[in-house]
Amino acid sequence: MQLPDLPAYDLVARLKAREVSALEIVEATLRRIEAVEGRAPSPEPYLPAPGDEAGVHAYISLQPERALDQARAIDARLARGEDPGPLAGVPLSIKDIFCVEGTLSTAGSRMLANYVAPYTATPVARLEAAGAVTLGKVNLDEYTYGSSTESSAFQPSTRNPWDPSRVPGGSSGGSAAAVAAGESALSLGTDTAGSIRQPAAFCGVVGLKPTYGRVSRYGLIAFGSSLDCPGPVARTTRDAALMLGAMAGPDPRDSTAANVPAPDYAAALDGGVRGLRIGLSADYFRIRFPDPETGELRDQTLPDEIAAPVYAAAELLRQAGAEIVPDVPMPNTHLAIPAYFVISRVEAASNLHRFDGVKYGYRTSAPVADLREMYRRTRAEAFGPQPKLRILMGMYVSGAQYAKQYYHRALQVRTLIRRDFEAAFDPNGPFRCDVLLTPTTPTAAFKVGAVYGDSVLMQYADLLTVPANHAGTPGLSIPAGLDGQGLPLGLQLLGRDWDEATLLRVAAAYEQLTAGADWRRRRPAVLA
Amino acid sequence: MSDEITPELFAHLVDLAALALSAEEGEYLRDQLNGQLKAVHELERIPVPDDIPPAAHGVPFLPAIRPDLRADEARTDAGLAERILAQAPEQDEGYFVVPDIPHTDL
């Protein structure tokens, strides 16, 4: 196994044992990037070129000199006998929706294609303080608005390392692809409707959406401010635990970062599942989903290929001592996407009004008669179709004459979705679940171009992940095997407020129980 | 069924959103909006009693977990002003420069 394929915790152990230097780790990872990336994504008008369909194209920008300097500093600390931190020398990529001082911070948009951030986001600063080495910024759907990374202004968009004719998922597609291909051991993503968990499932890696408020949003370019959660993308549960531990906790710069102490997540991993109550809900297996041909919503049962690994996992966990709680009702699950279409658009429209060509970012170079025309032309030229759609929808459903019908009702439905979770986890209720176990996605990774352009079908890719964003509760996606075409599938664990530790504990148990499975030895096609 | 977002309503929204769209782009976006609204109407398929409170966020933000207000102390911009102004498309002597602001002479 090469250095770029080792888990973060293993790299840290080898570094501290002086078996390898941080410089060697970073140099090996930069060589891996060189080997698998292909052409760098660019905001220029996209002309397909030979080889585009073979590369991963995860990184929008690389900062190798900055990374090598960080690595040398860690090696120097080790040489002086100092503790270089719990993530010392671990290669890290950052979804390009976070500001990192002195780096291009683009949000995958022409609007910010040349924006250099003057400050660093809190989660990035904390990861670097823990010793992680930032290699660069990775691609995403424009402003995080999508589930395939195809809507980025930076093309070619990221491909799935398991099959580069397919999408990596999104919006943290660059994060999941980079981690799957060994282009970084860890990646910092964000999850507003499933944007960490869905790409993690598509790329066969671990993705954790923490509880809302667990990780500071300071320095995150905002999408849905009541829904956005920064979180880890990693190859192992232990790595995700280490990464969350390094980021979590209150932040004087974000008043929504809650004053809740973060436990030692890594210490929680070995607790096993004996006595835990793991719920299964039919509402996550029988879903209301658009017909790909007609677009009409209809009730469908998830394909056996998607559902079977979840039931198999439940059986393994039962044999390991967990109690399986069947038939936990989550009756409002099917309303989560419709409510999200309203709530997220209102918040997005509000957040996007700051991009006006005045203070930073793009401004039209066309002659304009006045300020209003400058606004219109700037936004027309620099926003892609997804931001435009979200602004228009957000303005419509929050307009004075429509808000009661749409926005207010969506917020009430959010309450109902939250109550589903509260009932499932109520320690005095009939179900008393510690976690819920579900599939992460209704399908495996789809072909590039197969869904993009149909904004309804694309949104429904988040059907099974978005309820936890409404509820604010944590969710974790872990690899659960490969489908008949060799594409990764994900298991999702959903938990109580602030209880990421139990999700990680169940995930670690599942990892151990399946350590010998054949699929765990398979590697992404770009590494074969 | 007729489109919920008619061309006239759409043009009004485009104006409110401070956008300008080509005819082709506008027709695509209007069609997508109408498709999304069909999904949004799922929200009307269940009864929602008036006493269900709206949730502005999921996790209850109780005083026990709310961070203390920071100390009320004066702070400088930490010397960032020049770097922030350097990001402006157009600036002059510490001011952002914009085209003529529409106004009415009284």
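The values are calculated or read from the model by the stated rules, or taken from the named source; none is laboratory data. Worth saying up front: this structure is predicted, and the values here are computed from it rather than measured. When we count neighbours, we look across all protein chains shown, and the Cβ atoms used for this are built from the backbone with ideal geometry, even at glycine. When the accessible area is computed, the model is the full protein with side chains, heavy atoms only, and any ligands, DNA or RNA have been set aside. Shrake-Rupley method; radii C 1.70, N 1.55, O 1.52, S 1.80 Å.
Pairing each residue of the range B:50-77 that is over 22 Å from A:Gly475 (Cβ atoms) with any residue that is small (Gly, Ala, Ser), provided the two are 6+ apart or on different chains, yields C-beta distances under 9 Å for B:Pro54/A:Ala410; B:Arg66/A:Ser255; B:Arg66/A:Ala258; B:Pro67/A:Ser255; B:Pro67/A:Ala257; B:Pro67/A:Ala258; B:Leu69/A:Ser255; B:Arg70/A:Ser255.
Could we say that A:Ile60 is among the β-branched types (Val, Ile, Thr), farther than 21 Å from A:Ile196 by Cβ and at pLDDT 95 or above here? The answer is no for A:Ile60. Scoring A:Met247 on the criteria (1) within 14 Å of another protein chain (Cβ to nearest Cβ); (2) surrounded by 23 or more Cβ atoms within 10 Å (Cβ to Cβ); (3) under 19 Å from A:Asp497 (Cα atoms) leaves a single failure, condition (1).
When residues in the range A:362-379 are screened for being among the hydrophobic types (A, V, I, L, M, F, W, C), more than 7 Å from chain B (Cβ to nearest Cβ) and open to solvent by less than 20 Å² (accessible area, probe 1.4 Å), 0 of them pass.
Any residue in the range A:306-319 that's closer than 15 Å to A:Ala517 by Cα: show its pairings with residues that are open to solvent by 50 Å² or more (accessible area, probe 1.4 Å) at Cβ separation under 7 Å, as long as the two are six or more apart or on different chains. These pairs meet every condition: A:Leu316/A:Leu513. Has the range A:432-454 got any residue that is open to solvent by 20 Å² or more (accessible area, probe 1.4 Å), hydrophobic (A, V, I, L, M, F, W, C) and within 12 Å of chain B (Cβ to nearest Cβ)? No, because not a single residue in the range A:432-454 is open to solvent by 20 Å² or more (accessible area, probe 1.4 Å), hydrophobic (A, V, I, L, M, F, W, C) and within 12 Å of chain B (Cβ to nearest Cβ). Apart from one condition, A:Val358 fits all of (1) under 23 Å from B:Leu33 (Cα atoms); (2) at the interface with another protein chain (Cβ under 9 Å from one of its Cβ atoms); the exception is (1). Just a yes or no: is a residue in the range A:442-458 in a strand (DSSP E or B), under 30 Å from A:Asn160 (Cα atoms) and either at pLDDT 95 or above or not assigned by TED's automatic domain parsing to the domain that holds A:Leu227 (or both)? Within the range A:442-458, one or more residues are in a strand (DSSP E or B), under 30 Å from A:Asn160 (Cα atoms) and either at pLDDT 95 or above or not assigned by TED's automatic domain parsing to the domain that holds A:Leu227 (or both). Among the numbered conditions (1) at the interface with chain A (Cβ under 9 Å from one of its Cβ atoms); (2) closer than 26 Å to A:His470 by Cα, the only one that B:Pro47 does not meet is (1). Given the options A:Gln412, A:Gln386, name the one that is assigned to a helix (DSSP H, G or I), at pLDDT 95 or above and touching a Phe, Trp or Tyr at 6+ places or on another chain (Cβ under 6 Å). Step by step, each of A:Gln412, A:Gln386 is checked, and only A:Gln386 is assigned to a helix (DSSP H, G or I), at pLDDT 95 or above and touching a Phe, Trp or Tyr at 6+ places or on another chain (Cβ under 6 Å). Of all residues in the range A:476-490, none satisfies being in a helix (DSSP H, G or I), under 23 Å from A:Ser344 (Cα atoms) and touching a Lys or Arg at 6+ places or on another chain (Cβ under 7 Å).
Identify, from the list B:Leu37, B:Leu9, B:Leu21, the residue that is over 24 Å from A:Ser225 (Cβ atoms), more than 7 Å from chain A (Cβ to nearest Cβ), modelled with pLDDT of 90 or more and open to solvent by less than 50 Å² (accessible area, probe 1.4 Å). The conditions single out B:Leu9. Pairs meeting the criteria (first residue in the range B:1-15 and free of Cβ contacts under 8 Å to residues at least 12 places away in the same chain, second residue outside any helix (DSSP H, G or I), beta carbons under 6 Å, at least 6 apart or on different chains) are lacking. Restricting attention to the range B:85-96, the residues being assigned to a loop (DSSP other than H, G, I, E, B) and either more than 9 Å from every other protein chain (Cβ to nearest Cβ) or within 30 Å of A:Ala471 (Cα to Cα) (or both) number 2.
The conditions of being closer than 14 Å to A:Val205 by Cα, not hydroxyl-bearing (Ser, Thr, Tyr) and not in a strand (DSSP E or B) are met by A:Arg520. Quick one: how many residues across the range A:380-413 are in contact (Cβ under 8 Å) with a residue 60 or more places away in the chain, within 7 Å of chain B (Cβ to nearest Cβ) and touching a Ser or Thr at 6+ places or on another chain (Cβ under 9 Å)? The total comes to 3. The combined condition, being at pLDDT 95 or above and open to solvent by 20 Å² or more (accessible area, probe 1.4 Å), is not fulfilled by A:Asp291.
Looking across the range A:294-319, just one residue is within 12 Å of another protein chain (Cβ to nearest Cβ), outside any strand (DSSP E or B) and either surrounded by 15 or more Cβ atoms within 10 Å (Cβ to Cβ) or among the acidic types (Asp, Glu) (or both), and that is A:Glu296. Pairs meeting the criteria (first residue in the range B:78-92 and closer than 11 Å to A:Tyr360 by Cβ and free of Cβ contacts under 8 Å to residues at least 60 places away in the same chain, second residue open to solvent by less than 80 Å² (accessible area, probe 1.4 Å) and in a helix (DSSP H, G or I), beta carbons under 8 Å, at least 6 apart or on different chains) are B:Gln91/B:Leu85. Selection of the range B:40-61 for residues being open to solvent by 100 Å² or more (accessible area, probe 1.4 Å) and part of a loop (DSSP other than H, G, I, E, B) yields B:Pro47, B:Asp50, B:Asp51. The criterion of at least 1 residues that are farther than 30 Å from A:Glu381 by Cα is met by the following strands (runs of 3 or more DSSP E) wholly inside the range A:54-168: A:91-95, A:133-138.
How many residues are in a loop (DSSP other than H, G, I, E, B), under 21 Å from the mean Cα position of the chain (by Cα) and within 14 Å of chain B (Cβ to nearest Cβ) if we restrict to the range A:251-284? Of the residues in the range A:251-284, 4 are in a loop (DSSP other than H, G, I, E, B), under 21 Å from the mean Cα position of the chain (by Cα) and within 14 Å of chain B (Cβ to nearest Cβ). Of these, A:Leu127, A:Leu104, which one is at pLDDT 95 or above, closer than 30 Å to A:Gly146 by Cβ and open to solvent by less than 10 Å² (accessible area, probe 1.4 Å)? A:Leu127 is the lone residue from the list that is at pLDDT 95 or above, closer than 30 Å to A:Gly146 by Cβ and open to solvent by less than 10 Å² (accessible area, probe 1.4 Å). Annotation note: Cβ proximity below 8 Å between a residue of the range A:292-304 that is over 12 Å from A:Tyr460 (Cβ atoms) and a residue that is open to solvent by 70 Å² or more (accessible area, probe 1.4 Å) and in a strand (DSSP E or B) (sequence gap 6+ or interchain) occurs for A:Asp299/A:Arg286; A:Thr301/A:Arg286; A:Leu302/A:Arg286. Just one of (1) of a type in the set (S, T, N, Q); (2) assigned to a loop (DSSP other than H, G, I, E, B); (3) touching a residue at least 12 places away in the same chain (Cβ under 8 Å) fails for B:Asn34. It is (2).
Counting only residues that are surrounded by 10 or more Cβ atoms within 10 Å (Cβ to Cβ) and at the interface with chain A (Cβ under 9 Å from one of its Cβ atoms), the range B:67-84 holds 5 of them.
One residue stands out among those in the range A:27-64 that are hydroxyl-bearing (Ser, Thr, Tyr) and under 13 Å from A:Lys137 (Cβ atoms): the one that is surrounded by the fewest Cβ atoms within 10 Å (Cβ to Cβ), which is A:Ser61.
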